[in-house]
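The next block holds one structure in the form of structure tokens; read it before the comments.
Derivation of every value follows stated rules applied to the coordinates shown; laboratory data play no part. The model shown is predicted, which means the values in this text are computed figures rather than measured ones. Counting neighbours? That spans all protein chains shown, and the Cβs are built from the backbone with ideal geometry, glycine included.
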Amino acid sequence: MDHQLSPGLYIVATPIGNLGDITLRAVETLRGVAAIACEDTRVTGKLLNHLGIKKRMIRYDDHASEYDRDKLLALLAEQPVALVSDAGTPLISDPGYRLVKLAREAGIVVTSLPGPSAAVVALTLAGLPSDRFLFAGFLPSKDKARRDVLAELAAVPATLVFYETAPRLDDSLAAIDVVLPGREVGVARELTKKFEECRTGSPEELRAHYAAHPPKGEIVLLVGPPAEPTADSFDIDAMLRAELETEKPSQAAGKVAKLTGLDRKVLYARALELK
């Protein structure tokens, strides 16, 4: 290090797969801090061992108590402390924002070092519109909650970006096919690793592929933005049937009307016929 680090919180992005993606500044900072707050000391320990760095590690994850945060805040008020996640940029679908908020409120200096992010890497690979995108974290595991979230985001004029797990990929693709029909979808997995893959197509095409080739690894799921809506843009019967599985005809019509901009009374009449 050319200079000693000042006390404060240093948010350090780490590789999402390929260890060669660590930045020089990140390495210098990890060497210069007094301690490293991390999700899993075993995962961070492997990275530090690769870099030849020995540092005190402090477990800090979603289960951290208020006492844990207060203790960490007291430390970084006096010494430089790094915050890392298991992979990628901290705070992006990872714990940490409460710590940053409290540190700023306490007048503690917070510095963020840019680096890898799976969401951004996937967006650059997929070939979907990238001038606007919305990162929405993980989709819910329950089917109704998953569809509700997709319905809430249906009108957003941007590419949607989610994190997903391999066992839940087919369920999410099926929900997208029903709630967001006609959208181009991207599946990016094992990013920056040996078996990196980014595949795009319709949900139906992707479901067929991954039924024959079960996916492994961490996944970024992308959904292209909506086209300008017309009555022919939607499979109304499929959308109504999906909603009628859990909703009354009036509620199903209301939800589909919100998604499509079509007349609620017409949709309600059709929902009654389908029911």
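Points to keep in mind about this one:
- Size of electric dipole in region 119-223: Cβ of Lys, Arg +1 and of Asp, Glu -1, about Cα centre, debye, nearest 20: 180 debye
- Given charges at beta-carbon only (K, R positive; D, E negative), |dipole| of region 231-274 in Debye: 220 debye
- For the peptides 59-67, 259-267, 75-83, the ranking by mean Cβ contacts within 10 Å, running from highest to lowest, is 75-83, 259-267, 59-67.
- Listed residue pairs exceeding 25 Å between alpha carbons, taken from LYS101/LYS144; LYS46/LYS216; LYS101/LYS142; LYS46/LYS194; LYS142/LYS194: LYS101/LYS144; LYS101/LYS142; LYS142/LYS194
- Each helix, a run of at least 4 DSSP H residues, gives -39500 (n - 2.57); summed and divided by the residues of the chain, these come to -12000 deg cm²/dmol at 222 nm.
- Loop-resident sites, region 142-181, for trypsin sites (Lys or Arg not before Pro), counting at most 11 other Cβ within 10 Å (DSSP): LYS142
- Net lengthening on full extension, LYS258/THR111 (0.36 nm per residue, minus Cα-Cα): 48.7 nm
- Cα lying deepest toward the dipole's positive end in the chain, options ALA269, ALA188, ALA154, charges on Cβ: ALA188
- Taken over region 1-133, the percentage of Cα pairs per 10 Å bin, counting from 0 up to the bin with the maximum distance, is 12, 44, 31, 11, 1.
- Relative contact order, percent, region 123-275 [alpha-carbon distance under 8 Å, six or more residues apart]: 23 percent
- With Cα atoms, 0 to 90° folded angle of helix 203-212 axis to the chain main axis: 70 degrees
- The chymotrypsin sites (Phe, Trp or Tyr not before Pro) of region 133-238 that DSSP puts in a loop, and whose beta carbon has at most 11 other beta carbons within 10 Å, are PHE195.
- Pairwise centroid distance, computed over Cα atoms, of region 192-262 with region 10-29, Å: 35 Å
- The angle separating the long axis of helix 41-51 from the principal Cα axis of greatest extent in the chain is about 60 degrees.
- With the convex hull drawn around the C-alpha atoms of the chain, the volume per residue stands at 153 Å³.
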